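Comments concern the structure below.
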Amino acid sequence: MISEILSISQLNRLARGALEREFGLCWVTGEVSNLTRAPSGHCYFTLKDSQAQVRCAMFRNRVQLLPWRLENGRQVEARVLVTLYETRGDFQLNVEDLRPAGQGRLYEAFLRLKDKLAGEGLFAESRKRALPRLPRRIGVITSPRGAAIQDVRVTLARRMPGLPVIVYPTLVQGAEAPAMIVQALASAARRAECDLLLLVRGGGSLEDLWAFNDEALARAIAASPIPVISGVGHETDLTIADLVSDSRAATPTAAAELATAGWVAAAADLRQLASALTVTLRAGLERRMQRVDMLATRLVHPRQRMLATGKDLDHLASRLAAAGRRRIDERKAKLSNLATAFNALSPQATLARGYALVRDPSGQLVRSQRQIEAGMSLVLRFAEGGAETLVKRIIPD
């Protein structure tokens, strides 16, 4: 018991210390109301239940760590320091951490299932299938009325116009959602009309996304004969479906981008090849144009070629005539020489020098006195004319 008289400041300081020592950090639950966001970034609100309420303060450095937006009417669980605001003497709670009500129990269930399936190897990379680089048709398992399907359609139309998309409608929230998603996976497998599946849903609280932490759904994804991309929630959200899928995207839009990454890369490669082909063709065309220009300088008009040919023919004709004349002259000279030699050796020339040809009655030349006898008639041939004579006697050598 304090005997001295205390000032209000002292009283409030002692009360604050007593509260903080007595309760320390503890968890409380209630509904958020009277939420105010100060320019400094601090949040002030009231936590209440059906019978009571308490003022709360959450400072900026703690608010910035929340992966979800704090709003009035939300049921939350808060880790708080029970204290007293000395200046006004207000009993209040300094909030160190916040989570949606029930998240603690759900998170524990999430961890238990995660450990179980991981132990069975359902999350192993070696089990997961490679995504098709150029999918021909994409299936989307989601709510046909949600924002996720719109994000996926817009993204696919922007990145790969004309790519067929088939929607397998299902609930994505609530107690019936897991079984319906499993049925959608089975329908896609049975119809076998897609080569890639997107399992997508927009963001939400842990409770909103709880359908994607279902064990039966996880096993259905693992057993799907068609590769599955999971795009559930926002970037900070993580579900069992994300872990067991063949690939995980941060959002539905990111899932659509991942599904068309091969098409986008192929289009980029095609543009690059087209550019390279254009450069190559242009270079080849320029080389050929230069060659044509060079050949054009060497090209002679047919008339000029005919004139040049005519001149060549005239020159050749002139050379041929001269050669003919030379050949004739050479033949004439040779013939003259032969004629001279022939004349020199001709019997006629011999006769002209006073000799005569003697033939017997049979016409044989008489070269020896042994061919004739006295009384034989002989024919004499002179250079001019001839005569017949009678052998009177034989004169031996």
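The values are calculated or read from the model by the stated rules, or taken from the named source; none is laboratory data. Just so we're clear, the structure is a prediction, and the values are computed from it rather than from any experiment. Note that we place each Cβ from the backbone using ideal geometry, even for glycine, and neighbour counts take in every protein chain shown.
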Checklist line | Meets criteria (without any contact (Cβ under 8 Å) to a residue 24 or more places away in the chain, assigned to a helix (DSSP H, G or I) and charged (D, E, K, R)) for residue 190 | finding: yes
Next item on the list: Would you check which residues across the stretch 103-126 are surrounded by 12 or more Cβ atoms within 10 Å (Cβ to Cβ), modelled with pLDDT under 90 and of a type outside the set (Gly, Ala, Ser) and list them?
Entry: 103, 106, 107, 110
Checklist line | Looking only at the stretch 157-173, and only at residues there that are touching a strand residue (DSSP E or B) at 6+ places or on another chain (Cβ under 6 Å) and farther than 16 Å from residue 217 by Cβ, the one that is surrounded by the fewest Cβ atoms within 10 Å (Cβ to Cβ) | finding: 166
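Taking the condition among the small types (Gly, Ala, Ser), surrounded by fewer than 19 Cβ atoms within 10 Å (Cβ to Cβ) and closer than 22 Å to residue 184 by Cα, does residue 147 pass? Explain how you work it out, then say what you get.
Numbers: among the small types (Gly, Ala, Ser): yes; surrounded by fewer than 19 Cβ atoms within 10 Å (Cβ to Cβ): yes; closer than 22 Å to residue 184 by Cα: yes.
It is true that residue 147 is among the small types (Gly, Ala, Ser), surrounded by fewer than 19 Cβ atoms within 10 Å (Cβ to Cβ) and closer than 22 Å to residue 184 by Cα.
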Next item on the list: Name every residue in the stretch 164-201 that is within 36 Å of the chain's Cα centre (by Cα) and polar (S, T, N, Q), in order of residue number.
Entry: 187
Check: Quick check, is residue 230 in contact with a Lys or Arg (Cβ under 7 Å, 6 or more places away or on another chain), in the same structural domain as residue 159 (by TED's automatic domain parsing) and crowded, with 16+ Cβ neighbours inside 10 Å?
Finding: yes
Checklist line | Matching residues, the stretch 1-51, being within 19 Å of residue 86 (Cα to Cα), β-branched (Val, Ile, Thr) and part of a strand (DSSP E or B) | finding: 46
